[in-house]
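Structure first, then comments.
The values are calculated or read from the model by the stated rules, or taken from the named source; none is laboratory data. Just so we're clear, the structure is a prediction, and the values are computed from it rather than from any experiment. Every residue, glycine as well, gets a Cβ built from its backbone with ideal geometry; the counts of neighbours run over all protein chains shown. To get the accessible areas, we keep the full protein, side chains included, count just its heavy atoms, and leave off ligands, DNA and RNA. Shrake-Rupley method; radii C 1.70, N 1.55, O 1.52, S 1.80 Å.
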Amino acid sequence: MRYDPNSFEPKWQKKWEDKKLFKTPDSISELQKKPKYYVLDMFPYPSGAGLHIGHPEGYTATDVIARYKRMKGFNVLHPMGWDAFGLPAERAAMRDGIHPAIITKRNVDNFRQQLKRIGFSYDWDREVDTSHIDYYKWTQWIFLKLYEKGLAYLAEVPVNWCPALATVLANEEVKDGKYVETGDIVERKSMKQWMLRITVYAERLLEDLDGVDWPEGVKDMQRNWIGKSIGAEIKFSVKSGGDFTVYTTRPDTLFGATYCVLAPEHSLIDRITTPALKKEVDAYVTKAKQKTDLARTDLAKDKSGVFTGAYAINPANGKELPIYVADYVLMTYGTGAIMAVPGHDERDHEFAVKFKLPIIEVISGGEKPVQEAAHSGDGKLVNSDFLNGLDSEAAKHKMVSFLETKGTAKGKTQYKLRDWLFSRQRYWGEPFPILVSDDGTLHALQPEQLPVELPTVDEYKPTTDGEPPLARAPASWREVKLPDGSIARRETNTMPQWAGSCWYYLRYIDPKNDKQAWSPELEKYWMPVDLYVGGVEHAVLHLLYSRFWHKVLYDCGLVHTKEPFHKLFNQGMILAYSYQDDAGKYYSPEDVELKNEKPFSKTTGKALKSQIEKMSKSKLNVVNPNDVIAEYGADALRLYELFMGPLEQVKPWQTEGCAGVYRFLARVWRLFIDENTGGLTAKLKTMPGSSQPELWKTLHKSIKKVGEDIEALRFNTGISQMMIFINEAYQTETIPLETAKLFLRTLSPYAPHVAEELWEKLGEKELICATDWPVYDAALVVDSTVPIVIQINGKRRDEIQAPKGLSKPDLEKLVMSNESVQKHLGGQTPKKIILVPDRLVNFVV
């Protein structure tokens, strides 16, 4: 009867499911009897690869919290679902000739069984799937709300076009000129697309960050993405005729402007370019328009540009400034034109050096002369006429006031945030609830006409003339008769994968409701989400989009909170060791052996190098949780995921580390079960816990610390405390049953299977997960003794135990009589003794 988790873990998982132990009440009258706690995982995309060992870390943390909160008397909403639309399933469908829905269902079934095998206490009756028609009906309904408020519109815009996938990508999905998911090349192209006016909410998205309990790093990432800047719009006239406006946050530096730059898309370029330079300018503009915004700015290591032959007039001093076209200026930010101040802007400085343009210092205080490096900080104004001697802030106001009196400037707040490109040329996504007449008139469907079901098509790729895959749908789906008898066509673009994940936390509240997206009463009870746990990689995209949609729903009176997620926690990524030879070939860990602690291939004998990397199939370092469970059990997996280190840290996975927590659980088992007979051990006695006062005290300290550490998401230290208790329990001759039972209840959120099994073997009928969280005795968690640090001339030499609250004279007597202290003093008489009660004694010798 040794500890064999696989012999009983499936039994308890079945019991929990059969009894629906984790089902959250649906009735508002039932719910209102208890306080609520809504703990949410970022739901996964159900890939064909299934879960790897990194996924369960955050899921285990939220499961411990959910089980703990239930035991504390809360109604807990702890759901799971699937972010199921998206490109990978569509690509698999194109490759294998299988409908994406079939592929998705197969993947979801695999994910679900993996999650259930780890023993997570999800309410599976609330499972959602963004690709199910009963879900995306309400995604379409929310889109109509956006459309009704004028927040969804069609526009001809330059887009990130991926030829390999024949679809448009959002700016956030492109990095280094490639699609972040696949590495496919992305190019710029002008197309008519659906856009969402997220920019209307820019200020509120910024302001309301102050009211949520989120990591400051995530808040800063959102603030930087929104990119608020306070500055001025300044009008520059062109010497040959016409004018243009620049937006600047540094009007104080206007006397330092030595040239101007227009974005390649600027409408003024054709009119002001001189005939002699037109060919050169046209060629540059054509080439620049093919680059992505990112390639033109962040990645433009070497500045490029071309002179137009035209000159602008500086409105501050009347000087002529040459006008260039350069791709580092974007039409999508500001006005598509800049005044260049190379003495105080790094990009302008680099450009000026390359094109041998003047560099003037107008802000003093730089570490180097401005001819060598731009000084972008603040300071006193110089070489600036009426601004000389002012600090930067005062100079900004004075310059704007001066220009406003001339009618050439006005103060303005600007944001880097752009409207959200919301359509995709894909099949596997939500159809838009929009009809288009031949003359281009748009018709929004009525709510009673929803859902617009995703049709069956013969192929999942775009048509030969470049239309999206839904253009392949039969005419019976594509064409709709309007009330006036005319025929309109359905929009054939689909929504991006982000659409379904923008509001799924609301559907969990009321997932079976076919009359409403959610009940207002249930929304008022459950929202906001109390704790949201997921990876920091979603800091900008998903979290910003969700907040935007939630604020729109708030303005529609459909939710009662301004923010969806009260507390956010980002778990650290779990990495894994990988092994490569000198040629770069990866080797599976099963093909690696250590010789003198260095890795070698078992098959080739080659010396290998090891490194810690993100888990990837191509690197052969993916660890499947099913394999770990088969060897060590689900409880050991759960414990090790949380024992590896603080939840927020990046950590390397080491399967052998599971053996350590497995041994701990086996020790717990042996404390209760005689491995020879299968009965209870002789140490367990029916007696009050207080009959073993030291163990009883350690138990109450453990209850306190484990509970506090769960609340603070410090899971690894809570596990350490339980290990301390077990060590002490092994040192006692008897263990009172009262003590044993309270410990099992403390352990159960972490290791629920073994806790249930031992609870049953103690004769208990009720499931342990349905019991209350134990209450510690405050008097028992106060130490009667405290550690006293012994210092000699300020250096730590020892530590002894002393009764708590000892007076200075008594503390001095105690330490002077201590043999160890006398040994450290070496027979010397202290010149002075510094006593800090309950903390330290410092001998000056």
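Checking the condition farther than 19 Å from L21 by Cβ and buried (at least 19 other Cβ atoms within 10 Å of the Cβ), which residue from G763, G794, G707 passes? Spell out the reasoning first.
Working: G763 fails: buried (at least 19 other Cβ atoms within 10 Å of the Cβ); G794 fails: buried (at least 19 other Cβ atoms within 10 Å of the Cβ).
Answer to the selection: G707.
What residue, among those in the stretch 239-274 that are hydroxyl-bearing (S, T, Y) and not in a strand (DSSP E or B), is surrounded by the fewest Cβ atoms within 10 Å (Cβ to Cβ)?
Narrowing the stretch 239-274 to residues hydroxyl-bearing (S, T, Y): 240, 245, 247-249, 253, 258-259, 267, 273-274.
When the remaining residues are screened for being not in a strand (DSSP E or B), the result is 240, 249, 253, 258, 267, 273-274.
Details: S240: 15, T249: 15, T253: 26, T258: 19, S267: 10, T273: 24, T274: 12.
Checking each candidate, the answer is S267.
Please enumerate the residues belonging to the stretch 306-338 that are under 15 Å from D348 (Cβ atoms), open to solvent by less than 10 Å² (accessible area, probe 1.4 Å) and modelled with pLDDT of 95 or more.
A312, N314, L321, I323, V325, A326, A337
Scan the stretch 133-146 and tell me whether some residue there is open to solvent by 50 Å² or more (accessible area, probe 1.4 Å) and either farther than 27 Å from D530 by Cα or aliphatic (A, V, I, L, M) (or both).
yes
Any residue at all in the stretch 757-765 that is within 36 Å of the chain's Cα centre (by Cα), closer than 24 Å to E641 by Cβ and of a type outside the set (S, T, N, Q)?
no
Test of understanding: among D777, D838, which residue is under 30 Å from L744 (Cα atoms), within 45 Å of the chain's Cα centre (by Cα) and not β-branched (V, I, T)?
On the way: D838 fails: under 30 Å from L744 (Cα atoms).
Just a single option satisfies the conditions, and that option is D777.
For residues that are in contact with a Ser or Thr (Cβ under 9 Å, 6 or more places away or on another chain), over 30 Å from Y505 (Cα atoms), open to solvent by 20 Å² or more (accessible area, probe 1.4 Å) and not polar (S, T, N, Q), tally how many sit in the stretch 545-591.
5
Please verify whether G54 is open to solvent by 10 Å² or more (accessible area, probe 1.4 Å) and on the phi > 0 side of the Ramachandran plot, treating the condition exactly as stated.
No: the conditions fail for G54.
Take the stretch 163-191 and flag every residue that is of a type in the set (S, T, Y) and open to solvent by less than 30 Å² (accessible area, probe 1.4 Å). Break it down stepwise before answering.
The first filter runs over the stretch 163-191 and keeps only residues of a type in the set (S, T, Y), leaving 167, 179, 182, 190.
Result: T167, Y179.
Being more than 37 Å from the chain's Cα centre (by Cα) and among the charged types (D, E, K, R) is the filter here; which residues of the stretch 337-382 pass it?
K354, K356, E361, E367, K368, E372, K380
One line per residue, one yes/no per condition, for (1) surrounded by 13 or more Cβ atoms within 10 Å (Cβ to Cβ); (2) in contact with a Pro (Cβ under 7 Å, 6 or more places away or on another chain); (3) closer than 24 Å to L151 by Cβ; (4) modelled with pLDDT of 95 or more:
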{"position": "K416", "(1), (2), (3), (4)": "yes, no, yes, no"}
{"position": "E430", "(1), (2), (3), (4)": "yes, no, yes, yes"}
{"position": "L442", "(1), (2), (3), (4)": "yes, no, yes, yes"}
{"position": "V457", "(1), (2), (3), (4)": "yes, yes, no, no"}
{"position": "L470", "(1), (2), (3), (4)": "yes, yes, yes, yes"}
{"position": "S476", "(1), (2), (3), (4)": "no, no, no, yes"}
{"position": "T492", "(1), (2), (3), (4)": "yes, yes, yes, yes"}
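Just checking, does the stretch 639-647 include any residue being surrounded by fewer than 20 Cβ atoms within 10 Å (Cβ to Cβ) and farther than 22 Å from Q113 by Cβ? Explain how you work it out, then say what you get.
Pass one, the stretch 639-647, residues surrounded by fewer than 20 Cβ atoms within 10 Å (Cβ to Cβ): 645-646.
Adding the requirement that they be farther than 22 Å from Q113 by Cβ leaves 645-646.
Checked the stretch 639-647: at least one residue is surrounded by fewer than 20 Cβ atoms within 10 Å (Cβ to Cβ) and farther than 22 Å from Q113 by Cβ.
Could you give me the residue pairs with C-beta distances under 8 Å whose first residue belongs to the stretch 510-533 and is more than 16 Å from L553 (Cβ to Cβ), whose second residue is among the small types (G, A, S) and at pLDDT 95 or above wherever it lies, and which are 6+ apart or on separate chains?
V533/G58; V533/A61
For the stretch 119-132, enumerate the residues that are open to solvent by 10 Å² or more (accessible area, probe 1.4 Å), closer than 22 Å to L87 by Cβ and assigned to a loop (DSSP other than H, G, I, E, B).
S131, H132
Residue-by-condition table, conditions (1) modelled with pLDDT of 95 or more; (2) over 29 Å from P736 (Cα atoms); (3) in a helix (DSSP H, G or I); (4) out of contact with any Gly (no Cβ under 6 Å at 6 or more places or on another chain):
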position	(1), (2), (3), (4)
D635	yes, no, yes, yes
Y640	yes, no, yes, no
E656	no, yes, yes, yes
R667	yes, no, yes, yes
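For the stretch 677-699, name all the residues that are open to solvent by less than 70 Å² (accessible area, probe 1.4 Å) and over 19 Å from E733 (Cα atoms).
Within the stretch 677-699, just G678 meets the criteria.
Would you confirm whether or not the stretch 721-729 contains a residue that is surrounded by 16 or more Cβ atoms within 10 Å (Cβ to Cβ) and within 20 Å of D63 (Cα to Cα)?
Scanning the stretch 721-729 turns up at least one residue that is surrounded by 16 or more Cβ atoms within 10 Å (Cβ to Cβ) and within 20 Å of D63 (Cα to Cα).
Please tell me if P322 is of a type outside the set (A, V, I, L, M, F, W, C) and in a loop (DSSP other than H, G, I, E, B). Step through it out loud before you land on a result.
Details: of a type outside the set (A, V, I, L, M, F, W, C): yes; in a loop (DSSP other than H, G, I, E, B): no.
Against the criterion (of a type outside the set (A, V, I, L, M, F, W, C) and in a loop (DSSP other than H, G, I, E, B)), P322 does not qualify.
Hey, any hits in the stretch 35-46 for a residue that's open to solvent by less than 60 Å² (accessible area, probe 1.4 Å) and within 30 Å of F672 (Cα to Cα)? Steps first, answer last, please.
Taking the stretch 35-46 and keeping what is open to solvent by less than 60 Å² (accessible area, probe 1.4 Å), we get 36-46.
When the remaining residues are screened for being within 30 Å of F672 (Cα to Cα), the result is none.
No.
Limited to the stretch 349-396, what total is found for residues that are part of a loop (DSSP other than H, G, I, E, B), among the small types (G, A, S) and over 25 Å from I323 (Cα atoms)? So that I can check it myself, show each step before the final result.
The initial filter retains those residues of the stretch 349-396 that are part of a loop (DSSP other than H, G, I, E, B), namely 355-362, 364-379, 382-384, 388-390.
Those left that are additionally among the small types (G, A, S): 364-366, 373-374, 376-377, 379, 384, 389.
Okay, now just the ones that are also over 25 Å from I323 (Cα atoms), so 364-366, 377, 379, 389.
Qualifying residue count, the stretch 349-396: 6.
Filter the stretch 364-392 down to the residues that are open to solvent by less than 30 Å² (accessible area, probe 1.4 Å) and in contact with a helix residue (DSSP H, G or I) (Cβ under 7 Å, 6 or more places away or on another chain), then identify the one that is farthest from K319 (Cα to Cα).
Looking at residues that are open to solvent by less than 30 Å² (accessible area, probe 1.4 Å) and in contact with a helix residue (DSSP H, G or I) (Cβ under 7 Å, 6 or more places away or on another chain), I get G379.
Tell me, yes or no, whether the stretch 275-297 has at least one residue that is basic (K, R), in contact (Cβ under 8 Å) with a residue 40 or more places away in the chain, in contact with a Gly (Cβ under 8 Å, 6 or more places away or on another chain) and open to solvent by 40 Å² or more (accessible area, probe 1.4 Å).
Scanning the stretch 275-297 turns up at least one residue that is basic (K, R), in contact (Cβ under 8 Å) with a residue 40 or more places away in the chain, in contact with a Gly (Cβ under 8 Å, 6 or more places away or on another chain) and open to solvent by 40 Å² or more (accessible area, probe 1.4 Å).
Identify, please: which residue in the stretch 202-227 is outside any helix (DSSP H, G or I) and modelled with pLDDT of 95 or more and is, among those, nearest to T405 (Cα to Cα)? Let's see the steps before the verdict.
In the first step, residues of the stretch 202-227 are kept if they are outside any helix (DSSP H, G or I); the result is 212-215, 227.
Retained after the next criterion (residues that are modelled with pLDDT of 95 or more): 212-215.
Numbers: V212: 42, D213: 45, W214: 44, P215: 45 Å.
Selected residue: V212.
Would you be able to tell me the number of residues in the stretch 33-88 that are in contact (Cβ under 8 Å) with a residue 40 or more places away in the chain, over 21 Å from I629 (Cβ atoms) and not in a loop (DSSP other than H, G, I, E, B)?
16
I'd like to check something: does the stretch 96-118 contain any residue that is open to solvent by 10 Å² or more (accessible area, probe 1.4 Å), more than 17 Å from I509 (Cβ to Cβ) and of a type in the set (G, A, S)? It would help to see each step written out before you state the result.
The initial filter retains those residues of the stretch 96-118 that are open to solvent by 10 Å² or more (accessible area, probe 1.4 Å), namely 96-99, 101-102, 105-107, 109-110, 112-113, 116-117.
So of that shortlist, the ones also more than 17 Å from I509 (Cβ to Cβ) come out as 96-99, 101-102, 105-107, 109-110, 112-113, 116-117.
Checking which are of a type in the set (G, A, S) leaves us with 97, 101.
Taking every residue of the stretch 96-118 in turn, at least one turns out to be open to solvent by 10 Å² or more (accessible area, probe 1.4 Å), more than 17 Å from I509 (Cβ to Cβ) and of a type in the set (G, A, S).
Suppose the filter is within 23 Å of N6 (Cα to Cα) and either open to solvent by 70 Å² or more (accessible area, probe 1.4 Å) or not in a helix (DSSP H, G or I) (or both); does P749 pass it? Steps first, please.
Numbers: within 23 Å of N6 (Cα to Cα): yes; either open to solvent by 70 Å² or more (accessible area, probe 1.4 Å) or not in a helix (DSSP H, G or I) (or both): yes.
Considered against the rule, which asks whether it is within 23 Å of N6 (Cα to Cα) and either open to solvent by 70 Å² or more (accessible area, probe 1.4 Å) or not in a helix (DSSP H, G or I) (or both), P749 comes out as yes.
From the list D282, D208, D270, which residue is under 21 Å from K416 (Cα atoms) and of a type outside the set (V, I, T)? Steps first, answer last, please.
Values: D282 fails: under 21 Å from K416 (Cα atoms); D270 fails: under 21 Å from K416 (Cα atoms).
Result of the check over D282, D208, D270: D208.
Yes or no, residue by residue, for (1) surrounded by fewer than 15 Cβ atoms within 10 Å (Cβ to Cβ); (2) of a type in the set (F, W, Y); (3) farther than 19 Å from C260 by Cα:
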site	(1), (2), (3)
K354	yes, no, no
V362	no, no, no
A394	yes, no, yes
K398	no, no, yes
L403	no, no, no
K406	yes, no, yes
